Amino acid sequence: MSTARRFSQDHFKGPPGSTELILVRHGASADAVEGESFELLEGQGDPPLSEMGRRQAELVAERLMREDFEAIYISNLRRTAETAAPLATRSGLTPIVEADLREVFLGEWEGGLFRQKIVDQDPLAQQMFAEQRWDVIPGAEPSADFGARLHGAVARLAAAHVDSCAVVFSHGGAIGEIMVQATGAAPFAFIAADNTSISRLIVAPDRWYVRGFNETAHLIT
């Protein structure tokens, strides 16, 4: 007498050869002040974390220490390095700089001006949201270039950590673009990640899987 096979549901596991990337947006950065500019790094605003951002960095580090990861990555902008610092101290891992994880270049609106333009509902800001294109801003990074450099960064990290996991500290626009590439969503569908939120991506040889976006429970105290 034959016995029918049974098939239970199980926790998702990435396919062989895949990599899990835990994507963390940096903590809240210093306020932009009208008439002043942030310090620039290679033309991009490079503010430090605010006091709130430093507290967020401690909270996300505490949460991430429950994960099994073998590397920490940051962009070349200081707010990611400062956000990663508490996790680096706890884990003993030295963050690796992957410059292509940096935020989209905002052209003439760099240095903190972008925030003012959004609050003031500048006509170009409204056009940017309507068309879902950063390069509506004069001198901003073309969308295709932004997407290509992030795709390359993800591919390099995945190749370096096959069948393992890495924590990646990046930026709201950058994480949003990675999520868009994984899902085929509209260009600005994922630009709402909160500071030190956690998003999860499985990079497999044949596709990318989104496992989470904008997890913030660790910030509730």
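The values are calculated or read from the model by the stated rules, or taken from the named source; none is laboratory data. Not measured: the values here are computed from a predicted model. So basically every Cβ, Gly included, is an ideal-geometry build from the backbone, and we count neighbours across all protein chains shown. We work out accessible area using only protein heavy atoms, side chains counted, and drop any ligands, DNA or RNA first. Shrake-Rupley method; radii C 1.70, N 1.55, O 1.52, S 1.80 Å.
Data overview
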read-out	value
On Cα atoms only, tilt of 172-183 relative to the major axis of the chain in degrees	40
Whether the range 1-115 is rounded, prolate or oblate, judged on the alpha carbon gyration tensor where a/c under 1.5 counts as rounded	prolate
The range 75-136, accessible surface, carbon-and-sulfur percent (1.4 angstrom probe)	52
Three-way shape label, the range 91-221, alpha-carbon gyration tensor, a/c 1.5	prolate
DSSP-defined antiparallel bridges as percent of all bridges, the chain, nearest 5	55
Helix-derived mean residue ellipticity, 222 nm - over the chain, DSSP H n ≥ 4, -39500 (n - 2.57), to 500	-10500 deg cm²/dmol
Part-to-part distance (alpha-carbon centres) for the range 137-151 and the range 48-111, which is given in Å	22
For peptides 150-162, 123-135, sequence by mean Cβ density within 10 Å, most packed first	150-162, 123-135
Nonlocal amide H pairs with LEU23, under 5 Å, H built at 1.01 Å	VAL168, SER199, ARG200, LEU201
Packing-based order for 97-106, 73-82, 25-34, 3-12, using average beta carbon neighbours within 10 Å, highest first	73-82, 97-106, 25-34, 3-12
With eigenvalues of the C-alpha gyration tensor scaled by 5 and rooted, the chain, Å	32, 21, 16
Shape call, the range 170-221: gyration tensor on alpha carbons, a/c limit 1.5	oblate
